[in-house]
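Before anything else, here's the structure in question.
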Amino acid sequence: MPLSKEERDALPPEHFAVPGKRKLPINDETHTSLAWDQVDRTQGLSDAERSEARARILRRAKELGIDTSDWDKSMHAAAMTLWGMSLNVPEVANHPNRMPFSGVLTFVNQPSDLPPGGSGGKRTYLPKDVAEKALESLLGMAVDFSDDLSAHDVTQKIGVITGAEIVGEEVRIEGFFYAADFPQECARIQKEKEALGFSYEVRAQTRSMGDLLQIVSCVFTGAAVLYKDKAAYQSTSLAAQAEQGIDMDPKELQELLAAALKPLVTQIETVTKDVTAIKAAGETALHANKEVRDRVAPHATALRNCAAAMEAAGMGLDSHRGHVKILHHMAASMEADAAAGKVPHIFRDHDWGFSAASDLKPAHVEAAAPALDVNNPVIKGITDTLAGLGTQLTDLKAAAFKVAEAPARKTVPAEVMTLLARGGIKVEDTKEGLTEGQIDTMLEAAGVTGISARIAAKQQIANAGLLRK
């Protein structure tokens, strides 16, 4: 990580590659590796000082046990992850040569979609800890472009990166393009920004991991704007717009915002009232006639237990008039009466009664009964009354079961329970889900360090519903 001024001032001379000028700290492995990549770009050094600095860095690397066999090799890759980077650039309102940009640069802990240039045809994978060690080299990096927006061209610098942050698995950057120096290019970026994204240039040390090339250390050397389908990560994005001033006083601005937000505020107030009313109605329905429902509940439960026992014994299983089905209907009918505040005394299952009558005709009846005159006012009145009662019964059944508990979370797999235990996390503390940082800390505590194993573990955690959304 970057050294503070106090930490840098406290270093002894031998912990600098150029002790006389206190440049290029080599106090640990990270700074020693960075120093090697920064020798040629450090200003104010003579050729002799650079040569001596390289010798000091190599000696220090040997002391720290750093493998330097690949230090002279470089490659290009696009998989860069940033964390909370920023560069203090003074704000200049309505600056004619500044067009702000922002967007997704790349993703953390994800293999690239395509092999970047210089990777030998392999996709790349950048762990978060490796990217964090290279943060210093990102500050003030230039953004370049090619004429056809399909590749990197370090000779055409169109902008600069001033800040970055990581949100979820997205690395988001911001900065500005030189709008006055490159008016046509900036206009083109504005027009085609939905199809454009970012790509990074790096010097990196790598090691092969199957069909992936893992970056073990890197230094950022630049970035480019290009079409998404040309980038190693095809989901990166870019947004850019010209600086625009606001020509109104604070009062006018406040009135404008109030007018714009009024419909939204009104809608929120209406929804809030509706939600409050619905909640109150639900609570009223839940607590209404509680005494009657409590009296009926054990009897309804007994009916269902009896039905379960008969079903287990293989009795009363007819799908239309079986004892099991009738017992469940009776329990539901009792609960419906109780929900309406009535103590149940009679069971009316009209649908079953009529269907049973059609099948259970007495054996001595040989001729069909005469058909009823449905137009007869008396018969029609009885039929309408029965239909109304059936509707009321259906509504009451629905009301009895309207308030139900939310389903419990599905069982957490044993593998995930083991990871939680090793990470010191209780299951009851995961109700809101685990953040990416909590998962990384847990996996590290559990000794899960391999890329494939970490990816598999994260997939299990997500499948168990423990990943915060």
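The values are calculated or read from the model by the stated rules, or taken from the named source; none is laboratory data. The structure presented is a predicted model; accordingly, all values stated were derived computationally and were not measured. Cβ coordinates were reconstructed from backbone atoms using ideal geometry, including for glycine residues, and neighbour counts include every protein chain displayed.
In the stretch 185-207, which residues are over 30 Å from TRP71 (Cβ atoms) and in a strand (DSSP E or B)?
Result: LEU196, GLY197.
Then there's this: Does the stretch 325-343 include one or more residues that are modelled with pLDDT under 85 and either outside the structural domain of PRO298 (by TED's automatic domain parsing) or surrounded by fewer than 15 Cβ atoms within 10 Å (Cβ to Cβ) (or both)?
yes
Of the conditions (1) assigned to a strand (DSSP E or B); (2) modelled with pLDDT under 80; (3) not aromatic (Phe, Trp, Tyr), SER102 fails just one. Which one is it?
It fails just one condition, (2).
Can you pull out every residue in the stretch 60-82 that is surrounded by fewer than 15 Cβ atoms within 10 Å (Cβ to Cβ), of a type outside the set (Asp, Glu) and modelled with pLDDT under 85?
Passing the criteria: SER69, LYS73.
Additional query: Any chance the stretch 147-167 includes a residue that's outside any strand (DSSP E or B), over 22 Å from PRO116 (Cβ atoms) and not assigned by TED's automatic domain parsing to the domain that holds ASP37?
Checked against the condition, which is being outside any strand (DSSP E or B), over 22 Å from PRO116 (Cβ atoms) and not assigned by TED's automatic domain parsing to the domain that holds ASP37, the stretch 147-167 yields no hits at all.
Just checking, does the stretch 157-168 include any residue being at pLDDT below 80 and hydroxyl-bearing (Ser, Thr, Tyr)?
no
Closer than 20 Å to SER237 by Cα and touching a residue at least 12 places away in the same chain (Cβ under 8 Å): which single residue out of GLN205, GLN190 fits that description?
After ruling out the rest, the residue left standing is GLN190.
Determine, yes or no, whether GLY450 is outside the structural domain of ILE166 (by TED's automatic domain parsing) and in contact with a helix residue (DSSP H, G or I) (Cβ under 6 Å, 6 or more places away or on another chain).
No: the conditions fail for GLY450.
So in the stretch 154-173, with the set limited to residues that are surrounded by fewer than 16 Cβ atoms within 10 Å (Cβ to Cβ) and either of a type in the set (Asp, Glu) or touching a helix residue (DSSP H, G or I) at 6+ places or on another chain (Cβ under 8 Å) (or both), which one is farthest from ALA224 (Cα to Cα)?
Top of the filtered list is GLY168.
Let's see how each residue does on (1) of a type in the set (Ser, Thr, Tyr); (2) under 23 Å from the mean Cα position of the chain (by Cα); (3) in the same structural domain as VAL104 (by TED's automatic domain parsing):
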{"position": "GLU174", "(1), (2), (3)": "no, yes, yes"}
{"position": "TYR178", "(1), (2), (3)": "yes, no, yes"}
{"position": "ARG188", "(1), (2), (3)": "no, no, yes"}
{"position": "GLU194", "(1), (2), (3)": "no, yes, yes"}
{"position": "ARG203", "(1), (2), (3)": "no, no, yes"}
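Going through LEU466, LEU443, LEU420 one at a time, which residue ends up being at pLDDT 80 or above and in contact with a strand residue (DSSP E or B) (Cβ under 6 Å, 6 or more places away or on another chain)?
Testing whether each residue is at pLDDT 80 or above and in contact with a strand residue (DSSP E or B) (Cβ under 6 Å, 6 or more places away or on another chain) leaves just LEU466.
Another question, if that's okay. Can you name the residue in the stretch 31-58 that is out of contact with any helix residue (DSSP H, G or I) (no Cβ under 9 Å at 6 or more places or on another chain) and under 26 Å from SER4 (Cβ atoms) and is also modelled with the highest pLDDT among such residues?
Among those residues, the one meeting the criterion is GLU49.
Give the number of residues within the stretch 414-469 that are among the hydroxyl-bearing types (Ser, Thr, Tyr) and in a helix (DSSP H, G or I).
Number of matching residues: 4.
Just for the stretch 1-18: of the residues that are of a type in the set (A, V, I, L, M) and either touching a helix residue (DSSP H, G or I) at 6+ places or on another chain (Cβ under 8 Å) or surrounded by 19 or more Cβ atoms within 10 Å (Cβ to Cβ) (or both), which one is nearest to ILE57 (Cα to Cα)?
Result: ALA17.
Separate question: Would the stretch 226-237 turn up any residue that is at pLDDT 80 or above and under 30 Å from ASP70 (Cα atoms)?
Yes, that holds for at least one residue.
Could you count how many residues in the stretch 19-55 are surrounded by 19 or more Cβ atoms within 10 Å (Cβ to Cβ) and at positive phi?
1
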